[in-house]
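The structure appears below as structure tokens.
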Amino acid sequence: MPAAATTVAAGLATGPGSRVTRFAKSTAASVTPVRPGKTHTLSPLDNAMERHTVHVVLYCRAAPGLDREQLKESLSEVLSLYPAMTGRLTRREGGEGAPADGEPSQRGWVVKCNDAGVRMVDARAAATLDEWLATATGDEEMDLLYYEPMGPEPYIWSPFYVQLTEFADKSYALGLSCTHIHNDPTAAALFFQAWAAAHRRTTSTYPPFLHAPAFEVSPPSLPPPPPLLAEKSSAASPASADAAAMSSATFHFPAPAVRALLSSLEPGTTPFAALAALFWLRVTGAANGERELTLALDFRKRMYAPLPWGYYGSVVHFTRARADLAAGLPAVAAALDAHVAGVPEEDLWRAVEWLYARQQQPEGGAAGPFQMYGPELTCVALDHVPMYGAEFEAGAPPARVSCRVGGAAGEGLVIVLPAAEGGEARDVVVTLPAEATARVCRDGEVLRHGAQVVFGTKAGKEA
Amino acid sequence: MNSPPPLPAGNGTGLLKAVYRRVVDNFLAVVTVPLAAAALVAVARFGPEELTGRLLREARPVHLFLAAFLPAAAATVYLMLRPRAVYLVDYACFRTASNCRVPFSTFLEHAKQVPVLNERSVRFMTKLLERSGLGEETCLPPAHHYIPPYKYCTLDAARGEVDLVVFGALDDLFAKTGISPGAIDILVVNCSLFCPTPSFVDMIINRYKLRSDVRSMHLSGMGCSAGLISVGLARNLLQVAPRGTHALVVSTETITPNYYVGSERAMLLPNCLFRIGGAAALLSNSPSRARFRLKHVVRTLTGAQDSAYTCVFQQEDDYGNVGINLNKDLMTIAGNALKANITAIGPLVLPASEQLLFALSFIARRVLSGGFRPYIPDFRTAFEHFCIHAGGRAVIDELQRSLGLSDEQVEASRMALHRFGNTSSSSLWYELAYIEAKGRMRKGDRVWMIGFGSGFKCNSAAWECIVPAATAEGPWATAIHRYPVDIPDVLKH
């Protein structure tokens, strides 16, 4: 609403030379008040993700029904369905008095659904959508997102930030940033679906499922730690000074390119395995022999009692796949596929039990949150998530959807997303140490398989 | 005309009181009926032919002519010089947009992020809001949703709020009444704290293309009771205008430019309580399609006393921030202003029985020096519905106590405060809309609107219903089924 960017609050400002100007910060409240006293307990898996943030950017082309005021109205309407999003985090210390509503009094984060709303940032970009998609770098894309880390007072800190950026041709970029404690990338992407459905005045195919006891476990005593998580928790947290600066790039693989790639591999290879193997080989470079790759899998539909798509929370399971890099791309891809297909649900439950027991220990250095994504190279499989179903105008899917996970310092992250054209086409977002990203962007192998660098690095922008 | 309260069962004094009321209120009938009966009996005894014969014999033509002409002439002169009755055709209130809603937690979070407000001020505002009687659905204008709000409270934003509120209410009103903007002859707008150039009336004229000879006025600075002042002004103009004149009265308060950016506690109250709202009413001096009749407008100004003059005062705090200072003895002054207003309106609306009792008690207190308590007239004999300015919980409590009203009679005020907050001069119209949306209004019901405002002013208007509302359309349409709600003393949030 305020047109002039006269005074910009500290923290809102983008870097010098940026094409995006953020000019106002406000709070969007839901339409219907929340019943007072409502709380949402976070699962042990949610609590473990404290170090990470989720960022999703949705690009919508200009349309008559798409303007700032109407988007804000539909946001308020959809927030009525997500009382946990408009709440605030408080810590429950456990063992304090009688449990409120029969829940076991356990330690951990609890969302007090006090109806406070989500933060909204209004911004403007000095480019048209097509110009932006053609020329923006991966790091510039972060200007379309806004996030404030938790300060000393969690009770007045909003876990969600929505940035509405208007391009010169009235297209919009909707940037959602949130703490991973609340949502994993799947849940964040499906929130956009719900928002788009509310904008079109209909209901979403994936309504939110806020059910805290989905991951309720009660292990009798401290269970044995799963090896991968034990290693992560005991890894010395890297000081930000010596961690290499990370940068991101996005590669687009059109459907024919992916089909060509798959045809050169063993039959039955999934696009995720093929692309994960490709990038694993190219990022690790000339290393040979048996290596391990961490995969982050969305377990919603892989459980015996599958969770609905709209499950609100994190269902990310980390597992380690092993393959011999010298055996070539087809073998590595096949090894990844075999591993992914064979991950038992038991592993996930062991991880949840161990995280829960660890969480119940009194506050202290040993039991604090640790980095889950990384520090080793991690591939995140998100290409099964229906991200392009968020149609703000009927029949007009988003031009592009981007996803980032923050807090993954170290060797980096490779996220495989679906692409706008659907089918086998894929987008791959890599967040690696800066020089590794620059190297991969120019990598001949990757480009030979038909990749188009969409959001590259500052140095090189060859398509 | 009068509907006395129902007979209480099994109570000796109650029965006596009811009989007394019926006798005194209909005193004229009680006296004339026996006299007329005696006259009829006398005529019957004399015989009708003898009586008329005597009359015709003794009367001369001049006498007959005068006997016919004089009463007719007197009646005609009386009817022509009587001021025209003023009617309310319909009214519409601004329907708040649901995404302008400000829950408590959001309000307090924003307050904590404003650097000027310190811990103490935020605690004070929290306590105030908890006990204020406001609910979770009150709305603030879009500019107040930004962090920090005062940077975005520009002149344009204020005009935007006026567009939203005033034009919203007027669009609703024109749709409801079917009147075309070109038929408006008089336009009165009141908005106390925002006075742009060109004024509100010019904005309305520009937007709706009103005629060039519309008699328009903008009342600014008149406080929260200005709604009834506008109605009174429109009434004065309608009373001397030709039949069929239409007057548009718009009451609103623009709160965008009035965010107090300081930490003086007495001046933080308006920030906490004032909310966005506005109403438009169409008045006319012809009874066609009218829904209410305006019977009295009584205005009482107590500004001659210093304490009343300074109790709601706009001033700068120690740091130069402008805000409205509410004095601690506001309730006492409001009570006094109310007493003065009741004394003025009482004789106009109370039935003869109550006035007699009040006069007797007044005389008794003067003559006999015993400790007689002053008799508070029972205004439930004069009115069926009460719309008390929703200035805050304390105001409504104070009025309920001093007028001896039941919870049901102040329900409209309390619920309007809960749902809409303090919308200043338009709160009376929201309360009337509540009563109608609840279906409690009947033909012949009398409504008392009481407004309070800076000055210190207490204004009253008495209306009588001709046609109640047919539907619950209006600001309460989406919420009325949830009301009345129980408002706790201290809200948990």
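The values are calculated or read from the model by the stated rules, or taken from the named source; none is laboratory data. Note that this is a predicted model, so its numbers are computed, not measured. Every residue, glycine among them, receives a Cβ derived from its backbone with ideal geometry; neighbour counts consider all protein chains shown.
Among the residues of segment A:85-108, the ones that are modelled with pLDDT of 85 or more, surrounded by fewer than 22 Cβ atoms within 10 Å (Cβ to Cβ) and within 14 Å of chain B (Cβ to nearest Cβ) come to 3 in all. If you go through segment A:14-42 and pick out every residue that is more than 14 Å from chain B (Cβ to nearest Cβ) and touching a residue at least 24 places away in the same chain (Cβ under 8 Å), you end up with 9. The numbered conditions (1) outside any strand (DSSP E or B); (2) of a type in the set (A, V, I, L, M); (3) out of contact with any His (no Cβ under 7 Å at 6 or more places or on another chain) are all true for A:Leu348 except (3).
Hey, does segment A:387-401 have a residue that's touching a Ser or Thr at 6+ places or on another chain (Cβ under 8 Å) and buried (at least 22 other Cβ atoms within 10 Å of the Cβ)? Among the residues of segment A:387-401, not one is touching a Ser or Thr at 6+ places or on another chain (Cβ under 8 Å) and buried (at least 22 other Cβ atoms within 10 Å of the Cβ), which makes the answer no.
Quickly run through segment B:81-105 and pick out the residues that are within 14 Å of chain A (Cβ to nearest Cβ) and hydrophobic (A, V, I, L, M, F, W, C). Within segment B:81-105, B:Ala97, B:Cys100, B:Val102, B:Phe104 meet the criteria. Selection of segment B:147-176 for residues being modelled with pLDDT of 90 or more, facing chain A (nearest Cβ under 8 Å) and buried (at least 19 other Cβ atoms within 10 Å of the Cβ) yields only B:Ala157. Residues that are more than 24 Å from the chain's Cα centre (by Cα) and either more than 15 Å from A:Leu432 (Cα to Cα) or hydrophobic (A, V, I, L, M, F, W, C) (or both) within segment A:276-301 comprise A:Ala286, A:Ala287, A:Asn288, A:Gly289, A:Glu290, A:Arg291, listed in sequence order.
Residue-by-condition table, conditions (1) in contact (Cβ under 8 Å) with a residue 60 or more places away in the chain; (2) assigned to a loop (DSSP other than H, G, I, E, B):
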residue	(1), (2)
B:Leu405	no, yes
B:Leu417	yes, no
B:Ser426	yes, no
B:Leu432	yes, no
B:Ile435	no, no
B:Arg442	no, yes
B:Asn459	yes, no
B:Thr478	no, yes
B:Pro484	yes, yes
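Taken over segment A:119-164, the criterion of being assigned to a loop (DSSP other than H, G, I, E, B), of a type in the set (A, V, I, L, M, F, W, C) and surrounded by fewer than 21 Cβ atoms within 10 Å (Cβ to Cβ) is satisfied by A:Ala126, A:Ala127, A:Met150, A:Trp157. Suppose the filter is among the small types (Gly, Ala, Ser), away from chain A (no Cβ under 14 Å) and part of a strand (DSSP E or B); does B:Ala73 pass it? When the stated conditions are applied, B:Ala73 does not pass them. Return the residues of segment A:266-284 that are assigned to a loop (DSSP other than H, G, I, E, B) and touching a residue at least 12 places away in the same chain (Cβ under 8 Å); say none if nothing qualifies. The answer is A:Glu266, A:Gly268, A:Thr269, A:Thr270. The number of residues in segment B:109-129 being in contact (Cβ under 8 Å) with a residue 60 or more places away in the chain and either among the charged types (D, E, K, R) or at the interface with another protein chain (Cβ under 10 Å from one of its Cβ atoms) (or both) comes to 1.
As a summary of the residue check, B:Ser180 satisfies the conditions (1) farther than 19 Å from B:Ala111 by Cα; (2) within 12 Å of chain A (Cβ to nearest Cβ) except for the one numbered (2).
The number of residues in segment B:231-256 being closer than 24 Å to B:Leu301 by Cα, among the polar types (S, T, N, Q) and surrounded by fewer than 24 Cβ atoms within 10 Å (Cβ to Cβ) comes to 2.
Here is a yes/no grid of residues against (1) assigned by the TED database to the domain that holds A:Cys60; (2) at pLDDT 80 or above:
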| residue | (1), (2) |
| --- | --- |
| A:Ala196 | yes, yes |
| A:Thr205 | no, yes |
| A:Pro208 | no, yes |
| A:His211 | no, no |
| A:Ser218 | no, no |
| A:Leu222 | no, no |
| A:Pro225 | no, no |
| A:Lys232 | no, no |
| A:Ala236 | no, no |
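Considering only residues that are of a type in the set (D, E, K, R) and under 52 Å from the mean Cα position of the chain (by Cα), look in segment B:30-85 and name the one that is surrounded by the most Cβ atoms within 10 Å (Cβ to Cβ). Restricting to residues being of a type in the set (D, E, K, R) and under 52 Å from the mean Cα position of the chain (by Cα), the top hit is B:Arg84.
Is it true that some residue in segment A:109-118 is within 26 Å of A:Lys25 (Cβ to Cβ), within 14 Å of chain B (Cβ to nearest Cβ), modelled with pLDDT of 90 or more and part of a helix (DSSP H, G or I)? No, that holds for no residue. Consider B:Val122 carefully, then state whether it is surrounded by fewer than 20 Cβ atoms within 10 Å (Cβ to Cβ), among the β-branched types (Val, Ile, Thr) and within 24 Å of A:Pro36 (Cα to Cα). Yes.
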